[in-house]
1. Which residues, taken from the range 638-671, are farther than 18 Å from Glu233 by Cα and of a type in the set (Lys, Arg)?
2. Given the condition touching a residue at least 60 places away in the same chain (Cβ under 8 Å) and among the charged types (D, E, K, R), answer yes or no: does some residue in the range 308-331 qualify?
3. Select, from Arg212, Arg165, the only residue that is of a type in the set (Lys, Arg), within 18 Å of Gly299 (Cα to Cα) and out of contact with any Pro (no Cβ under 9 Å at 6 or more places or on another chain).
4. Being surrounded by 20 or more Cβ atoms within 10 Å (Cβ to Cβ) and either of a type in the set (D, E, K, R) or closer than 30 Å to Lys284 by Cβ (or both) narrows it down to one residue among Arg247, Arg196, Arg150; which is it?
5. Please indicate, with yes or no, whether at least one residue in the range 646-664 is modelled with pLDDT of 95 or more, acidic (Asp, Glu) and under 30 Å from Thr335 (Cα atoms).
6. Which numbered condition trips up Pro619, out of (1) assigned to a helix (DSSP H, G or I); (2) surrounded by fewer than 24 Cβ atoms within 10 Å (Cβ to Cβ)?
7. How about the range 663-715: which of its residues are of a type outside the set (Asp, Glu), surrounded by fewer than 20 Cβ atoms within 10 Å (Cβ to Cβ) and more than 20 Å from Gly630 (Cβ to Cβ)?
8. Would you tally the residues in the range 241-274 being within 21 Å of Thr222 (Cβ to Cβ) and in contact with an Asp or Glu (Cβ under 8 Å, 6 or more places away or on another chain)?
Amino acid sequence: MPTRHRPITLILLTLTLAAPACGWLAGCASENHRAERSGGAAAPLPPSIAEPTFLEQYASTYRFGAGTPRSVRVTPEGEAVLFLRSGPRSVVQDLYEFDVATGKERIWLTADQLLAGQEEHLTAEELARRERMRMSSRGIAAYDLSEDGRRILVPMSGRIFVVDRADGKVTEVKSQSGFPIDPRLSPDGASLAAVRGGDLYLAPVAGGAEQRLTTGANDQVTHGLAEFIAQEEMGRFRGYWWSPDSRFIAYQRTDTTGLEVFHIADPMNPDKEANSWPYPRPGKKNADVTLGVIPAAGGPTTWVNWDRARYPYLAHVSWEKNAPLTIVVQNRNQTEEIVYAVEPSSGSVTELLRETDPAWVNLADSDMPRWLPSGNGFLWMTERTGEWRLELRDRAGKFVRFLSPEGFGLRDVAGVDEPGGWVYATASAEPTESHLWRLRLHDSPVASSPPPDAERLTGEPGMHSAAFAERFGSWVLFSSTLKGDITRKVIRADGSVAGDLKSIAETPPFQANVELITLDGPRHFRAAVVRPRNFAAGSKYPVIASVYAGPHSQTVTANRRAYLLNQWIADHGYIVVSFDGRGTPNRGRDWERAIHKNLIDVPLEDQAQALKELGAKLPELDLTRVGVTGWSFGGYFSAMAAMRRPDVYACGVAGAPVCAWEDYDTHYTERYMMLPEQNPDGYARSSVLTYCKDLKNPLLIIHGTSDDNVYFMHSLKMTDALFKAGRPYDFLVLPGFTHMVPDPVVTRSLHTRIMDFFDAHLKSGA
């Protein structure tokens with residue numbers, strides 16, 4: 001199969017079955033639709049001021065992300081900060097070091113140095129893993145730092161290099177056993193492990209014979225790799241874990257025997273063999289996952305014994321200093337979750353805590369549980385009280401106390417300073433923001449003026465997070481604000497600022513003219529409104545709703561840079577709006593679980609209601625001319641909105657949409673929908689295919705043929721149903737592209753095509 005993200009020519013399939021004589025693209029259907037609803041033409045608007053070169057710059061700079069520091073790691077003592085950075089129009093990254101004492105950076109290692117001009121090569125397996133991680137970087141795409149900070153492991157193009165930070169010496173650890181997946185150093189830095197050909201291998205860094213630790217890998221069985229749903233839905237990309245003393249490795253054995261096998265061919269090159277992947281659909285077989293512990297010196301595996309029949313999902317594994325091997329497992333419906341401590345010598349497990357929820361138990365964004373460095377207890381995030389709370393538990397799992405107050409809006413844990421008595425966390429009661437806080441780890445001392453149990457460390461409205469040195473010698477504060485500032489400040493232990501991690505990204509040609517609004521209705525929906533930069537008060541503007549509307553993601557955040565593309569769209573003469581309704585995160589348990597057993601009815605209701613409330617507040621919105629656009633779940637919503645709410649949305653653009661939830665993966669779908677046999681009505685009501693016969697307004701469907709997240713078959717099934725129902729639609733096929741579309745040429749053409757569609761249906765004849 002060819003490289004997934006190569007430049008490629010777009011193919012547009014425009015199907016006009018049963019279309020009016022002038023056709024959808026001529027705009028007459030939209031014009032008739034507007035006339036029926038508004039009774040006349042819209043008022044004249046100021047001319048478009050959309051920057052003609054913006055898409056070129058936006059695409060070539062990879063959405064202005066190229067050139068920004070990534071993969072930031074603070075060394076254990078805090079004397080240095082490591083990071084990756086590419087050029088401003090490149091995805092090829094090099095490794096840099098920022099010296100905390102002097103505030104100066106230096107380039108540490110380049111891709112050219114390692115490959116000496118040779119072309120980078122990646123296997124289909126590595127490309128798939130990077131797709132799960134939403135990673136399009138090349139060159140030094142990742143690195144691993146030894147526990148003492150002395151050595152850096154850099155994998156590249158199937159080779160592994162180890163750099164000594166003291167003298168800069170680069171050593172290649174060679175192997176004849178195949179392409180390495182997920183190579184990582186042992187905690188003592190003396191060895192490295194990697195998965196090759198589905199088996200786990202170990203090699204000494206200083207030189208010597210490589211050792212194969214596992215055997216028996218084949219097309220169905222792998223050792224040391226996370227399965228598809230762990231990577232795609234659980235956020236777990238690792239399949240093996242070193243013991244803190246470097247003497248053992250816990251590893252995952254995955255058996256996909258009996259799973260359906262999906263094939264992805266290259267339709268532009270039918271002579272090439274298709275790639276094949278096991279894929280677990282709702283109600284059908286999952287991969288069989290077990291966990292074993294093997295000596296790093298080689299020997300027999302001890303298998304961990306938990307009730308895998310009842311709790312088949314291995315959601316989390318950790319093996320931290322002074323702490324037991326710890327696992328988190330879930331039942332298939334994800335209504336139960338258990339944390340176990342594992343005895344490695346016997347494989348026996350001891351329950352530390354159990355979470356239950358009648359709808360589903362969310363996995364925390366942080367690596368939970370997080371053990372204290374002393375091993376005397378651990379931190380745990382729970383929604384047991386109706387919102388995310390951080391609690392402290394002792395070594396046996398007994399509840400000690402809550403560390404975060406009620407109404408705190410906990411998001412994540414950033415660092416644990418046990419000697420200093422603080423936990424650093426991100427949180428905000430306002431769902432559009434995220435701030436850095438410190439929480440008192442131990443009970444407040446008896447004093448006349450004890451310090452507060454929760455102290456906010458950031459003030460500017462925006463999205464703030466942090467990365468800390470293990471021993472808190474320094475830390476990095478990441479901030480993206482509503483003002484539009486993006487900073488990465490390196491802060492010393494004494495609070496002084498050492499400097500910023502430098503970005504060489506290109507500066508956007510404009511700032512987004514965005515306003516965040518809390519609506520007055522009973523649900524207090526948050527809205528983001530992007531007006532044209534030449535906005536004319538008193539004019540009525542057509543509206544484009546930019547949506548996601550599904551779990552795990554927000555579209556309304558206090559990050560001005562996030563609205564650049566929406567601003568370019570608005571500058572064509574639109575007002576672009578976004579809302580976060582029920583089902584989206586950071587508004588509490590009940591808000592999120594309102595979508596249980598039906599993924600579309602509540603989002604449709606909330607998006608339509610929010611639009612109505614915003615229209616009542618802002619007279620410049622012409623609610624007779626509203627389009628909707630989104631990708632992935634947002635594409636699913638857009639298709640449903642066009643079919644089910646033609647009274648609200650005049651046209652829609654559906655990118656990479658899920659069309660039938662029976663065809664998506666188990667862990668995501670069954671969390672919200674249960675198994676198909678448990679909720680057949682919910683699956684039918686949540687399926688786009690149920691409503692294809694009702695489509696009346698223009699719909700543009702976009703999908704990549706190599707998408708292995710939302711497979712191309714989703715859009716094919718939708719267009720087939722529309723075709724058989726005699727309904728018109730437009731279909732834009734992206735040959736060879738996956739769920740991501742990072743290629744600059746295609747990005748530019750894609751958004752130009754989308755704007756042509758909206759102009760034809762929302763502005764033609766206006």
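1. Arg644, Arg645
2. Yes.
3. Residue meeting the stated conditions: Arg212.
4. Working: Arg247 fails: surrounded by 20 or more Cβ atoms within 10 Å (Cβ to Cβ); Arg150 fails: surrounded by 20 or more Cβ atoms within 10 Å (Cβ to Cβ).
Result of the check over Arg247, Arg196, Arg150: Arg196.
5. yes
6. (1)
7. Leu675, Pro676, Gln678, Pro680, Ala684, Lys693
8. 8
The values are calculated or read from the model by the stated rules, or taken from the named source; none is laboratory data. In this text, all values refer to a predicted model and were calculated from it rather than measured experimentally. Backbone-built Cβ (ideal geometry, glycine too); neighbour counts: all protein chains shown.
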